[in-house]
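Working notes for the structure below.
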Amino acid sequence: MLDVPFEELQRARSDGSCSFRPEHGKKAVSKRANKNRPVEISSKKPVSRFREVIQAPKKIVRDPRFENLCGSYEESKFKASYKFLYDEQLPAERKRLQILLQKEKSDAAIAELKKHISWIDKQLRDEQLRRKHSQKLTELKRMEKEAVKKGKRPFYIKKSEIRKQELAEKFKELKGSGKLEAFLAKRHRRNAAKDHRFMPYRRSQTS
């Protein structure tokens, strides 16, 4: 704004002879007589509720999967370190829940306990399958190394072939335990339900 005395500004506004308006596009810049003094801020400008009173150190979020500071991931060491979860803790937890299930009388609590026991059983079954798969891969790699040492051409087995071998072993185990027919019936029902979902529905005929 122009540097005009207050008396002249009031006189000009009262008789309407002149008006003083700031130029458009320009903002008034507050100047300080001394650079060490604080900047004067207009009382008409609202103060933000969120202002930084104390500058706190910025929190750095680190993902151990992608941080070099956390070391490199080795699957064998990881499985060996957390093997006790499936060998000790989960079976002990399942046994404890079975004892609680026998004493419980509330239907809601019984359903919750059964759900937790079912989850533990699934975790143990999955871990058993993972260990069998890992043992199968280790055995195949050992056979491949022995074949290369004997001068034979290296042969890298496909994942589909490994899957076929695992299914053959599973069918053999189920047949030996007498559970093959139940397994095939359950698999047939699951496949039939899956096929039924993709079948087109007959449109309703309107007269």
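Taking 0.36 nm per intervening residue step and subtracting the Cα-Cα distance, what contour gain separates K172 from N191 on full extension?
Result for the pair: 4.7 nm of gain on full extension.
Give the lysines reachable from K114 as a straight Cα distance under 16 Å; neighbours fewer than 8 places away on the same chain don't count.
Reachable lysines: K95, K103, K105, K122.
Please work out the FRET efficiency for the pair E88 and K114, using the Cβ-Cβ distance as r and a Förster radius of 30 Å; give the result to the nearest 0.05.
0.85
Could you please tell me the mean projected area of the C-alpha convex hull for the range 31-141, averaged over all directions and given in square nanometres to one decimal?
Mean projected area of the Cα convex hull: 17.7 nm².
Given 0.36 nm per residue, what is the gain on full extension from L129 to F78 after removing their alpha carbon distance, in nm?
Here the answer is 16.7 nm.
Can you pull the one-decimal nm distance between simple spin-label points at F183 and K158, each 7 Å off the Cα toward Cβ?
Modelled inter-label distance: 2.4 nm.
Using label points projected 7 Å from each Cα along Cα→Cβ, tell me how many nm separate D107 and K145, to one decimal.
Distance between the two pseudo-spin positions: 5.9 nm.
Computed over the Cα atoms of the range 40-103, what is the convex hull's projected area averaged over all directions, in nm²?
Result: a mean projected hull area of 11.8 nm².
How much FRET efficiency would the formula 1/(1 + (r/R0)^6) give for V39 and E7, where r is the Cβ-Cβ distance and R0 is 41 Å, rounded to 0.05?
E between V39 and E7, to the nearest 0.05, is 0.90.
Measuring from label point to label point, each 7 Å out along Cα→Cβ, what is the L69 to I99 span in nm?
4.3
Which Cα, out of Q89, S106, A147, lies furthest along the positive dipole direction of the range 42-184 (beta carbon charges, K/R +1, D/E -1)?
Result: A147.
The numbers here are math on the coordinates, done by the rules we state, and not lab data. Quick caveat, the model's predicted, so the values are computed rather than measured. In this analysis, Cβ positions are derived from the backbone assuming ideal geometry, glycine residues included, and neighbour counts consider all displayed protein chains.
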